[in-house]
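Below is one structure, written out as structure tokens; the observations come after it.
The values are calculated or read from the model by the stated rules, or taken from the named source; none is laboratory data. Just so it is clear, the model here is predicted, and its values are computed rather than measured. Cβ coordinates were reconstructed from backbone atoms using ideal geometry, including for glycine residues, and neighbour counts include every protein chain displayed. For accessibility, only protein heavy atoms count, side chains too; no ligands or nucleic acids. Shrake-Rupley method; radii C 1.70, N 1.55, O 1.52, S 1.80 Å.
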Amino acid sequence: MQQSEQETIARRISREELVRELRRFLRDDAVLYAAEDTRPYECDGLSAYRRVPWLVVLPETTAQVQRIARLCFENNVPLVARGAGTGLSGGALPLENGILLNLARLSGVLEIDPLNRTARVEPGVRNLAISEAAAPQGLYYAPDPSSQIACTIGGNVAENSGGVHCLKYGLTVHNILQLKVVTIEGELLTIGSSALDSPGFDLLALMTGSEGMLGIIVEITVKLLPQPERAQVVMAAFGDVTSAGAAVAEIIGAGIIPAGLEMMDNLAIRAAEDFVHAGYPVDVAAILLCELDGTNDEVSEQILLVRDLLLQAGATEVRTARDEQERLRFWQGRKAAFPAVGRIAPDYYCMDGTIPRGRLAEVLNRIAEMSREYELPVANVFHAGDGNLHPLILYDANTPGELERTEELGGKILELCVEVGGTITGEHGVGVEKINQMCVQFNEQELQQFHALKSAFDARGLLNPGKAIPTLARCAEFGAMHVHHGKLPHPELERF
């Protein structure tokens, strides 16, 4: 490194100087620094961790994003990109000494191409708005996170979000073709292609799920699908979670790939039913929601097969949605499960791990044992078809020590996922929430490779520092505490 570059890195700009520089090309209301203006950005959906940002900026164009990134690079200022703030891992947690880049104003649907079945959109476009824009062409965007009415496509790409229909149609990474990304130096890159494949390394997959650590996404080309001729949901009730888990395996084993296959346990069922009145039975251990879509003939045949499989697996009740309204109501209950659980406890902590489908019943039983051990209720809501669990730990942050106990239980659940052959995240990302468990899932060489990839895009570590990838020193500390059953380290950001 040359001496002049060392001097640049050592120099720090004051907030007042930075505000003046930003206001040379941004409107006054696009640069926020007063406490009452920045506090609304102190956390994302993982509200257990809060940090008031040093400065918030709201660009309206890609050119402005490039200038902001270049300004941060030249003055050694950390930069955290944020979408709608619906993330659940603390990935958009701001820094006390850096800029929070809010991309909400880049919210244009730039093009709908019905012939190629694609849409070009800016990162601030809401997930559901893509399908709404494509609907007149008989098309829709398949990934549908529960927060799709609010979450943005840029955040979906950064976290590789899924949704209730990810079993058949895949995660975000399977439904995008091209990204435009701004590097920390302010360079605009095009990654991927509007064609089905592109030459060179698969940087599109690398960027998807990178949690804002490699670049700032400013445009996305997504795939659109034809709306199916028919979609129908079967709801099945079970007297125990083991039978429900076995039913999932039976359906997939029969060669049927449902559009969605979701499971909820009794606590989640009762919360959702009280909130939405979806028509769920509230005196059962678990329910499965299985949606089949396609042509009329295809769906009619598969509905009968699925009903038989569910009954053979021990379902006490099997109900097919009578019309589109009831189908939507069944899904409304599932998609409202998170806010519904929020009504029955002061706080809840949403976990996100994946496991092999065949270990579903075992893992649910072990989570129930942990729940009793820690004296913390757990409501389970998850994408049963692909083994993506979302245990919701209910707690009260006002009770001393309860948040720490909740964090410890959450960590144990994630480590259980790894133990049975799964991973610590399916779609919510690592952020700050799961950074300790990265030390459990990956070894030293793998973590060094992650750091090398980060350095290739962001050598100074200015983009979203302290997230997703733990330092080896942190893992050593966590490992020592883990072996001796010490208190888990609080997942704060590494000091910049």
- Query: In the stretch 356-385, what residues are outside any helix (DSSP H, G or I) and either in contact with a strand residue (DSSP E or B) (Cβ under 6 Å, 6 or more places away or on another chain) or open to solvent by less than 10 Å² (accessible area, probe 1.4 Å) (or both)?
  - Reply: LEU376, PRO377, VAL378, ALA379, ASN380, VAL381, PHE382, HIS383
- Task: Scan the stretch 314-351 for residues that are modelled with pLDDT under 95, open to solvent by less than 70 Å² (accessible area, probe 1.4 Å) and in a loop (DSSP other than H, G, I, E, B) and report the count.
- Result: 4
- Task: Determine if the stretch 263-270 includes at least one residue that is among the acidic types (Asp, Glu) and out of contact with any Gly (no Cβ under 8 Å at 6 or more places or on another chain).
- Result: yes
- Task: Taking ALA249 as the residue in question, decide whether it is of a type in the set (A, V, I, L, M, F, W, C), over 17 Å from LEU360 (Cβ atoms) and surrounded by fewer than 22 Cβ atoms within 10 Å (Cβ to Cβ).
- Result: no
- Only residues that are at pLDDT 95 or above, touching a Pro at 6+ places or on another chain (Cβ under 7 Å) and in a loop (DSSP other than H, G, I, E, B): list them for the stretch 96-123, please. GLY98, LEU103, ARG105, LEU106
- Message: Of all residues being aliphatic (A, V, I, L, M) and more than 18 Å from the chain's Cα centre (by Cα) in the stretch 115-128, which is farthest from THR190 (Cα to Cα)? Just the residue, please.
- Response: LEU115
- Determine if the stretch 419-431 includes at least one residue that is under 27 Å from GLU477 (Cα atoms), modelled with pLDDT under 95 and out of contact with any helix residue (DSSP H, G or I) (no Cβ under 7 Å at 6 or more places or on another chain). yes
- All-but-one check, ALA285 against (1) at pLDDT 95 or above; (2) open to solvent by less than 20 Å² (accessible area, probe 1.4 Å); (3) small (Gly, Ala, Ser), failing number (2)
- Does GLU427 qualify as being in contact with an Asp or Glu (Cβ under 8 Å, 6 or more places away or on another chain), surrounded by 23 or more Cβ atoms within 10 Å (Cβ to Cβ) and of a type outside the set (A, V, I, L, M)? yes
- Note on the structure: By my count, strands (runs of 3 or more DSSP E) wholly in the stretch 148-238 with at least 1 residues that are closer than 23 Å to ARG82 by Cβ, touching a residue at least 60 places away in the same chain (Cβ under 8 Å) and open to solvent by less than 20 Å² (accessible area, probe 1.4 Å) are 176-182, 216-223
- Task: Report those helices (runs of 4 or more DSSP H) wholly inside the stretch 8-88 carrying at least 2 residues which are touching a residue at least 60 places away in the same chain (Cβ under 8 Å).
- Result: 62-74
- Query: Can you spot a residue in the stretch 404-417 that is over 19 Å from ARG50 (Cα atoms), open to solvent by less than 40 Å² (accessible area, probe 1.4 Å), of a type in the set (Val, Ile, Thr) and modelled with pLDDT of 95 or more?
  - Reply: yes
- Query: Quick check: is even one residue across the stretch 292-308 without any contact (Cβ under 8 Å) to a residue 60 or more places away in the chain and open to solvent by less than 30 Å² (accessible area, probe 1.4 Å)?
  - Reply: no
- What number of residues within the stretch 246-271 satisfy the criterion of being out of contact with any strand residue (DSSP E or B) (no Cβ under 7 Å at 6 or more places or on another chain) and among the aliphatic types (A, V, I, L, M)? 6
- Query: In the stretch 112-126, is there at least one residue being among the small types (Gly, Ala, Ser) and surrounded by fewer than 19 Cβ atoms within 10 Å (Cβ to Cβ)?
  - Reply: no
- Item | Matching residues in the stretch 325-351 - criterion: being over 25 Å from PRO377 (Cβ atoms) and without any contact (Cβ under 8 Å) to a residue 24 or more places away in the chain | GLN325, LEU328
- State all residues of the stretch 441-454 that are surrounded by 18 or more Cβ atoms within 10 Å (Cβ to Cβ), in a helix (DSSP H, G or I) and without any contact (Cβ under 8 Å) to a residue 40 or more places away in the chain; if no residue qualifies, say none. GLN441, LEU447
- Message: Filter the stretch 252-282 down to the residues that are within 26 Å of the chain's Cα centre (by Cα) and open to solvent by less than 20 Å² (accessible area, probe 1.4 Å) and list them by number.
- Response: PRO258, ALA259, GLY260, LEU261, GLU262, MET263, MET264, ALA268, ILE269, ALA271, ALA272, ALA278
- Exception for THR172 within (1) of a type in the set (Val, Ile, Thr); (2) modelled with pLDDT under 95; (3) out of contact with any Leu (no Cβ under 7 Å at 6 or more places or on another chain) falls at (2)
